[in-house]
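Peer 1: What follows is a single structure, and I will ask about it in a moment.
Any read-out appearing in this document is the output of simple, stated calculations on the displayed coordinates, not a laboratory observation. Computed from a predicted model, the values in this text were never measured in an experiment. Here Cβ is always computed from backbone atoms with ideal geometry, including for glycine, and neighbour counts include all displayed protein chains.
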């Protein structure tokens, strides 16, 4: 496998910083709503920009194709969409998901962040919560 990393939220402050921190030679895919706009904003020629919109589940499988790792930002959408994305990641045989959650999410089970954490814990993928 090629160790392709999908970064969600790549045009935001955290996502853009993650892109900068990845080591040289990483195979990076940025999942963004508007790939051409992201290409202009980020000015990274070593990044593959692909459509990914959490409110459009049809974009999940193409964005995840060939990906081994995902950095998952909390998108401002319904939790159901994130759950569908996680299921699509499993189906695409993603090996690891790094999820940007919140502190003490395990103590707040009613929050969506904890629901996403629990879904990742029940998945076949390795996971890390930040």
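Peer 1: Angle between the Cα long axis of helix 79-91 and the longest principal axis of the chain, 0 to 90 degrees, nearest 10?
Peer 2: So the inclination is approximately 70 degrees.
Peer 1: Could you quote the convex hull projected area for the chain, Cα atoms only and averaged over all directions, in nm²?
Peer 2: For the chain, averaging the hull's shadow over all directions gives 7.5 nm².
Peer 1: Given the -39500 (n - 2.57) contribution per DSSP H run of 4+ residues, what per-residue ellipticity at 222 nm results for the chain, rounded to the nearest 500 deg cm²/dmol?
Peer 2: Computed ellipticity for the chain at 222 nm equals -10000 deg cm²/dmol.
Peer 1: Report, to the nearest 10°, how far helix 112-121 tilts away from the longest principal axis of the Cα atoms in the chain, using its own Cα long axis and a range of 0 to 90°.
Peer 2: 90
Peer 1: A follow-up question, please. Would you list 17, 53 from fewest to most Cβ contacts within 10 Å?
Peer 2: In increasing order of surrounding Cβ atoms, one gets 17, 53.
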